[in-house]
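See below for the structure under consideration.
The values are calculated or read from the model by the stated rules, or taken from the named source; none is laboratory data. These numbers come from a predicted model, not from an experiment. Cβ atoms come from the backbone with ideal geometry, glycine included; neighbour counts cover every protein chain shown. Side chains are part of the model used for accessible areas, which takes the heavy atoms of the whole protein and leaves out ligands, DNA and RNA. Shrake-Rupley method; radii C 1.70, N 1.55, O 1.52, S 1.80 Å.
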Amino acid sequence: MAPEQMLDLARRAAELLVDRIANLPGENAWDGEFKQVLDDQLMAAPPEEGRPPLEVIEQAAREVLPLAIRLDHPRSFGFIPSAPTWPGILADFLAAGYNVNACTWLVASGAVQVELVVIDWFRRWLGYPDGAGGLLTSGGSAASVDAFVAAREAAGHPERATVYMSDQSHSAHVRAARIVGVRPEGIRLLPSDAQFRLDVDLLARAVADDRAAGCTPIAICANAGTGSTGAVDPLPAIADYCAAEGIWMHVDAAYGGFAAVTERGKQLLSGIERADSVGLDPHKWLFQPYEAGALLVKDARTLEHAFEVHHDILQDTVWGANHPNISDRGLQLSRSFRGLKVWMSIQTFGMAAFRSAVDKGMELAARAEQYVQESAVLEFLTPVSLGIVCFRINPADRDHDEAVLEQINRNVLARVFWEDRAFLSSTLLHGTFALRLCIINHNTTWDDVRETLEAAERFGVEASAMEAASQ
């Protein structure tokens, strides 16, 4: 394409994005379409001849990109949302335009150095020692695979390996254990305690039983902010146990880890600095575009021991001492330049702004907790941890049984989904159906949270009355 046309198209793409972001508060947090409709619109053979590029951009912006959860909407409270900074978005555009492969020092020394800088920032925030290191990944799933490979190799690649996690752990860790060769019967999902945390006494008994049966524990996966409730496992006690037993301690901090940039978050995550490895997701509470995950290990050499493989075609990439090849630290050789978006965002806004934004999410969650506790319609189900609030409809003036309460709450969830601007998700708390708010967007206000809770109350009163009338 001619430079003028390239600039015109880039300008139009930027206009679409800026308009979208500016208009988000007035939009719904979710939009979608049925498959048959999208098949009719999009399922076709690739064209033999091209179309005007502006026409293609406009179609994508009209028919494809809007059909999703608007994860950066200020009322997108479902799952773990994401609200990227504009410098982060531009960084991905620049990295793609420069066509950077951040695999080795020879191929992309600038990109590798920026990644090392970003990883060192993470190291400092977690309280990891000098000599710790890691790499950026596509997300928490890839980070957990890399961590479990390192743990397996550190344990001597045993034949009857076992790993341990609570029933609140992310499914990515079950998948990672399978990928590294742990058989299904060696994956221990332990019941969590009343606060949805890993029970250390139960863990110790499970490990002892497995060792007596000839199994070799290779990793214990602790949570630093579960996706369901935001619960933080007792990290100091787990670290003590892992040190005494010689078992690799991995912490899943994909959601909650960046709370460590704040004082209250640092206290909640105390003990994380003792883990052998930590998984983080900058595309969650560090406000970056997808994909941005990270794995840190206490000793950077453990990753290289697990992943470094010499290959003839890569022999020219050996630069010399102290010039690392990130591809020797994880499962990818070809790698996008993920570090640029983190680096540009923090260089642009500074850490004070990021600390304030993370703190704001926790403050809004605390206010939501108080609102629920004072409500005659809503019932608080578990203490707020980090930015997640779990509650349900349970009017004080009604006496619904559990089955009816679940039906009422499912009805409310569906009505919020279809009739309100906000997007909520649900979870199960030891079998109890719960509505769930995850508040991490730096653009979310108290009005966004309050009005969403008010909508849940309103729908809940109506659903409760209907159930009572039908009995």
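For the range 361-438, what ratio Rg/Rh do Cα atoms give with a Kirkwood hydrodynamic radius? Ratio of gyration radius to Kirkwood radius: 0.95.
With every protein chain kept in place and ligands, DNA and RNA left out, what is the accessible area per residue of the chain? Probe 1.4 Å, answer in Å².
Ligands and nucleic acids excluded, the figure is 47 Å² per residue.
Mind checking which aspartates and glutamates have their Cα closer than 19 Å to the Cα of Lys266? Skip sequence neighbours fewer than 8 apart in that chain. Leaving aside aspartates and glutamates fewer than 8 places away in the same chain, those within reach of Lys266 are Asp120, Asp130, Asp233, Asp240, Asp252, Asp276, Asp281, Asp359, Glu363. Here the range 125-207 is assigned +1 on the Cβ of each Lys and Arg and -1 on the Cβ of each Asp and Glu. Its dipole about the Cα centre then comes out at about 240 debye. Extending 7 Å from Cα along the Cβ direction at Glu291 and again at Asp240 yields two label points whose distance is 4.0 nm. Compactness check for the range 80-178: Cα Rg over 2.2 N^0.38 Å is 1.33. Dividing the summed helix terms, -39500 (n - 2.57) for each DSSP H run of n ≥ 4, by the number of residues in the chain produces a 222 nm estimate of -14000 deg cm²/dmol to the nearest 500.
Indicate the gyration tensor shape class of the range 166-233 (rounded, prolate or oblate), computed on the Cα atoms with a ≥ b ≥ c the square roots of the eigenvalues: a/c under 1.5 is rounded; otherwise a/b larger than b/c is prolate and the rest oblate. Since a/c reaches 1.5 but b/c is at least a/b, the shape of the range 166-233 is classed as oblate. Computed from label points 7 Å out along Cα-Cβ, the spacing between Ala13 and Val64 is 1.2 nm.
Taking θ as phi - 60° and the Karplus parameters 6.51, -1.76 and 1.60, the scalar couplings of the range 256-267 work out to x, x, 7, 4, 5, 6, 10, 5, 5, x, 4, 5 Hz in sequence order, x denoting glycine and proline.
Across the accessible surface of the chain, with the other protein chains kept in place and a 1.4 Å probe, carbon and sulfur atoms take up 53 percent.
Which parts of the range 191-233 would a label at Leu428 reach, counting a residue when its backbone N lies under 18 Å from a point 7 Å out along Cα-to-Cβ? Under 18 Å, as judged by backbone N against the label point of Leu428, lie 191-197, 227-230 of the range 191-233.
For the range 318-374, the spread of Cα positions along the three principal axes, ordered from largest to smallest, is 63, 27, 19 Å. Projecting the Cα atoms of Phe380, Ala239, Cys390 onto the dipole axis of the chain, where Lys and Arg carry +1 and Asp and Glu carry -1 at the beta carbon, places Ala239 farthest toward the positive end. Summary of the geometry: the range 247-301 and the range 382-439, compared by the centres of their Cα atoms, lie 28 Å apart.
Of the GluC sites (Glu not before Pro) found in the range 250-332, those that fall in a DSSP loop while having at most 12 other beta-carbon atoms within 10 Å are Glu308.
The candidate values were (i) 24.1; (ii) 25.8; (iii) 29.1; the one computed from these coordinates for Kirkwood radius over Cα pairs in Å carries the label (i).
Ranking Leu190, Gln347, Tyr98 by how far each Cα lies toward the positive end of the dipole of the chain (charges on Cβ) leaves Gln347 at the top. Highest average first, the peptides 157-167, 42-52 ordered by how many other beta carbon atoms sit within 10 Å of their residues are 157-167, 42-52.
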